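A.B. asks: First, the structure itself, so that you have it in front of you.
Values quoted throughout were computed directly from the atomic coordinates according to the rules given, and no laboratory measurement underlies them. What you see is a predicted model, and the numbers here were worked out from it, not measured in a lab. Counting neighbours? That spans all protein chains shown, and the Cβs are built from the backbone with ideal geometry, glycine included.
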Amino acid sequence: MTLSFDRTEWGLVLGGSSGFGLATAAALARRGMSVAVVHRDRRGAMPTIEQAFDHIRACGTGFLAFNTDALSNEGLVRVLDGVSVAMGDSGRVRALVHSIAFGNLKPLVHPHGAPQNPAEAVLDDDDFDRTVRAMGTSLATWAQAVHARRLFAADARVFGLTSEGNEVAWRGYAAVAAAKAALESVSRAIAVEFGPYGVRSNIIQPGVTDTPALRLIPGSDRMKASARQRSPLGRLTTPEDVADVICLLCTDEARWVNGALLRVDGGEHIAGGP
């Protein structure tokens, strides 16, 4: 298997300034693919982020970074305009990677027996709507927009990232879990409806990974400790583990993987019992 790409092939990574998105952008660039990263970060975080982007630039392929709202129409247009110009007539989007981590982690209800403090908000309809839109259905918006501009390669790949919260209920994770379920459904629909245009769409389910997004989840330290104990390989999943699999799935040899959910967790999910 030849794990290398041409710089006329582009990876468009949504949510690419940390975690899985950043690792994927770097992995694609190391293998010769040009990369466009969409992120939304405050000015104070940018020095560290720019250092990571400099490592990607050093790979020598094309690189674009857009600090903009990927969920707004203005942000989408700005990104696709910029990517279109950079690609020119010969370039095409080989990989669209959805790694947006913008979800609400409020609980559905206050803990039993806890004081009912009105200041401690619980999830409402707006929280659900924003989270499901950001982490779920926006994948379809971007796929439709890239397709409408005829920017997809003839053998393009679309990826979304889910978690075991798609099946297991964690306190404070209800809105994100709903978004993950929506993301998986949207990916299957893309696999079917965009398939005639050569687009493959798959979902990656990493094991527990120490990312900035995970650290925001209440009880994340317990989740990491449990995952380490369950892992047959004795460690947590890393963003680089996931990025390498996404690179593999972008190869010609992986062309027949479509509409799948692939676990990338080192066997963490199968190791139960004492």
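A.B. asks: Tell me which DSSP H helices of the chain clear both cut-offs, 20 Å or more of axial length from alpha-carbon atoms and a mean Kyte-Doolittle hydropathy of at least 0.0.
C.D. replies: 73-87, 174-193
A.B. asks: Among THR137, THR251, THR48, which one moves the most in a GNM of the chain with springs linking Cα atoms closer than 10 Å?
C.D. replies: THR48
A.B. asks: Identify which of the listed values of Cα extents along the principal axes in Å was calculated from the structure shown: (1) 63, 37, 34; (2) 63, 43, 40; (3) 56, 42, 34.
C.D. replies: Read-out taken from this structure: (2).
A.B. asks: Still on this structure, I have one more. How much length is gained on full extension from ILE270 to ARG57, taking 0.36 nm per residue of separation minus their Cα-Cα distance?
C.D. replies: Net length gain for the segment: 72.8 nm.
A.B. asks: Counting only residues 5 or more places away or on other chains, whose amide H sits under 5 Å from the amide H of LEU64 once H atoms are built in the peptide plane?
C.D. replies: It is VAL35, ALA36, VAL37, by chain and number.
A.B. asks: Need the C-alpha centroid separation for the range 38-81 versus the range 201-223, integer Å.
C.D. replies: 22 Å
A.B. asks: Within 12 Å, Cβ to Cβ, of THR24, how many net charges do the neighbouring residues add up to if Lys/Arg are +1 and Asp/Glu are -1?
C.D. replies: Once positives and negatives cancel, what remains is 0.
A.B. asks: Taking only DSSP H segments of four or more residues, each worth -39500 (n - 2.57), what value at 222 nm results for the chain once the sum is divided by all its residues, to the nearest 500 deg cm²/dmol?
C.D. replies: Estimated from H runs of four or more residues: -11500 deg cm²/dmol.
A.B. asks: When a footprinting reagent is the concern and you count Cβ atoms within 10 Å, what order do TYR197, TYR173 take, fewest first?
C.D. replies: TYR197, TYR173
A.B. asks: Where does the charge balance sit around GLY136 when Lys and Arg score +1, Asp and Glu -1, over other residues with C-beta under 9 Å from its C-beta?
C.D. replies: Summing Lys and Arg as +1 and Asp and Glu as -1 gives +1.
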